[in-house]
Structure formats: structure tokens, C-alpha cells
């Protein structure tokens, strides 16, 4: 896969082509699902029973919103945006789903465009192909679900932090995006750490003689720039009496220590589509930094053995790859053999790939991954949909930044085949996840999420366990 050639205008044209490809790859299946009235799957249920109802409530009360106990476990920015769309006249179910689709298109286009500036249009199309085939991206685009609205903010913050040289306005824009992100999905406050580490690195690079503490002091303005996001989070916490609205606080509180190992298992699976990009870096790391790879594998083994890693519905370990784990052997009734094998593989692949990118990017992306995993570990539910889109973006970014990247015909064929194989795997999961009985227009929220005395009607203009 050749790096972009020519002047800036050629690179931007390539970025536009890749972005258009990614947007169309989301729009076509999403439009099909919307126009055929498909209402099958998890995203369809969440949209029908939770998010669409809340959007309708906001539109009816516009602009006097009641956010005291909303029918969503997330902060409500996405819902307010769609309520605004409805209030402006585009209030039909199809119009709201199309508005959500446009957010998904923008997310995929942003990732593809950023990658294209580094590896060219063809390379970016291959790197983003698995992302646009993921059911968790397609589903959020085809239904009124806020996931993609949060992911586009996460991607934007990452891309701004990776800018070289990093400017003050980049930090300001990233901090503004962080506010929007926290207003959309509060758990992503972890992204503040990306801004902090980027500012710290800028301080170190600006004055190599500066100490670690000195660089930290110089980064205080960047920390202060992220305070509005923390203030927003605190305001919602005070308003709700917790991190989620009252109706969700009884069943969404706690940690899930299986999350780190499950994330590494997903990395091992998703690496199928990126190994041709990572292969050279992993081989070089084995020759020159073998201890790092061995240490990563050992840590992954501990993460797979220490907590219980078997599939268990009541412990928030179900759906996605947990379905495969459930069917495989278990050691001592608590350790999944699949997790035991896959987590070290994921750790080695990730470590080797990280060692193949520039140091500054390696530090930023490592902090981002650690902060992301820490935040998601604090979520009781260890669900693949919380992780997969971020991991696909992360791996596409790491692939785009590889320093020693082969560009011969054999490498190009391998990259094409790998991307298609992973896309087929994820696309098959998407197709299977969108088959079955449709949810009815009056699909109700979980009884545990209905407040005393609350009565729900079917969402207007609708067609035939979560809301997070």
C-alpha cells in the first residue's frame, strides 16, 4: 500500500475519496434498513424501547427539557440534537433514523480521511473496511442510538492529539470536543487523559532538558482546558445522584474485571485484518524488544486468569464473542480456555504493532488504550459493542502510522486479503444480527427501568436490555 504521493492537494483529494467510500459504505446498508422498515436486533430494540421515546419526549417539551430521569443511561446530547431535528419538522421515524445515519457516515468518513492522509486512499479504504462492516457501527447508524455520536468525538480528540506539531488551538478544539463527548456519553471522560499526555509531550519536545515534573507543570493549561468537561460530568452526577439516571442506578453499578482480558481477546480477533500492516513491526520487536513482548504476554495471562472470565449473563458477560466463549472449555469453572489463549496473542500483537510507530504516537495511543480499558472496566457490563468500534479505529490508526511499511505487490495483496477476510467475518455477524423477528412498535423498556407510576405509549410513527 503506497503512501500518499504528490502535493497537499493530491493527498486531500485521496482523503476525500476515502471519506466518500467510508460514508457510502455506511449509508447504503443503513438506508436499506431504514427504507425497508427493518426493526430487528439489539440496536432496534434500544432505539424503539428507549432512545426514540426519549427523543420524542424532548421534542414535545422543547426547549423545556426534563433531564431528571431520562430514558437513557447516557448523557443526552445526541437525543437533544435529534429532538431539535424533529422540532425543525423532520419528525418522522425515517427522518430521525436518517439523521442518525449521517452521524455514522461522518464518523466513518473522518477515520478514513485521516488514514488516507498517511497511507493513501486505497490503504485507507482497506483499513476502514472492517469498521464499516461492524454491526455496532452499522446498527448505530441505522437506528436512533447514540454510539456513533460518541465515537466521532473520541476519534476527533485522538486525531487532534496526534497532530505534529501540536498547537494550542488543537488542545482547545480537543477540549471542546471532550465537553461534547461527555454530554453524549459520560463514561468517555477518560479521553481527557489523551489531551493531557499530548500536552505533556509537547512540553518535553519543546524543551528536551525539561524534567518530567517541569513538563507536567507546563501542561497545566491543558489540564485546565479539560475542566469544563469534568464540570459537566459533576453537574449531571449531582442532578442524578450518580453517574447514571436514577432508573438505571440499581443494575449498572459495579466493575467487571474481565474487561481487560476481553479487550485483548478482541484485539487478537481483529488483528486478522491488520496483520500485514503489523507483521514487520512484530518481527522487528521479536528481534530487538523480545522482553517487551514476553512481558506483555505474561501480563495478559494474569489478566485472563486472575478474574473470572467465563460467560455469565448475571455478571454482565454475554453477547458478541461471549457466545463463543460460552461454548468452549473452562478451567476450574472460572477461566475460559479461549480467553487464556487469545489474550496473550492480542497483547503481543498490540505491543509489537505499537513498537513500530513513532514514540510520540506510541505514548499517546498507549495512554488512550489504558484509560479506555480502565473506564470500561468500571462498567458492570462487559459488552463487545462498548469496545469494538474503538479497537477498530485504534488498529487502523496504528497501521497508518507504521514507520517500516512494506509496499511491494505481495504486501499489497496480503493487505487486501486480510481486510476482506475481517470484513467478511464482521459483515456476517452484522447480517446474522439483523435477522429474526422485528421488535414491535410498542416494545417496552425493561421493567426494572420503568419508574413508579410511569406509563409509556408506543413511539409515534414507529415500525415494527440496555439503552446505554
Expected output for the range 218-240 (first residue modelled with pLDDT of 95 or more, partner outside any helix (DSSP H, G or I), Cβ below 7 Å, 6+ apart or cross-chain) is 236/75; 237/243; 239/67; 239/68
Filter the range 251-267 for residues that are surrounded by fewer than 23 Cβ atoms within 10 Å (Cβ to Cβ) and in contact with a helix residue (DSSP H, G or I) (Cβ under 7 Å, 6 or more places away or on another chain); the one that is farthest from residue 314 (Cα to Cα) is 266
Q. Does residue 104 qualify as being at positive phi and surrounded by 23 or more Cβ atoms within 10 Å (Cβ to Cβ)?
A. no
Determine if the range 35-48 includes at least one residue that is crowded, with 24+ Cβ neighbours inside 10 Å, more than 30 Å from residue 15 (Cβ to Cβ) and within 18 Å of the chain's Cα centre (by Cα).
yes
Every listed condition ((1) over 20 Å from the mean Cα position of the chain (by Cα); (2) surrounded by fewer than 20 Cβ atoms within 10 Å (Cβ to Cβ); (3) within 30 Å of residue 52 (Cβ to Cβ)) holds for residue 99 save (1)
- residue 416 farther than 30 Å from residue 158 by Cα, at pLDDT 95 or above and assigned to a helix (DSSP H, G or I): no
Subset of the range 297-324, residues farther than 21 Å from residue 275 by Cβ, assigned to a helix (DSSP H, G or I) and either within 21 Å of the chain's Cα centre (by Cα) or at pLDDT 95 or above (or both), comes to 298, 299, 301, 302, 303, 304, 305, 322, 323
In the range 325-381, anything in contact with a helix residue (DSSP H, G or I) (Cβ under 7 Å, 6 or more places away or on another chain), under 20 Å from residue 312 (Cα atoms) and assigned to a loop (DSSP other than H, G, I, E, B) is listed as 328, 329, 379
Scanning the range 276-285 for residues that are touching a helix residue (DSSP H, G or I) at 6+ places or on another chain (Cβ under 6 Å) and either surrounded by fewer than 17 Cβ atoms within 10 Å (Cβ to Cβ) or closer than 24 Å to residue 125 by Cβ (or both) gives 276, 277, 278, 281, 282
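The values are calculated or read from the model by the stated rules, or taken from the named source; none is laboratory data. On a predicted model such as this, the values are computed, not experimentally measured, just so you know. Don't worry about glycine lacking a Cβ; one is built from the backbone with ideal geometry, like all the others, and counts go over all protein chains shown.
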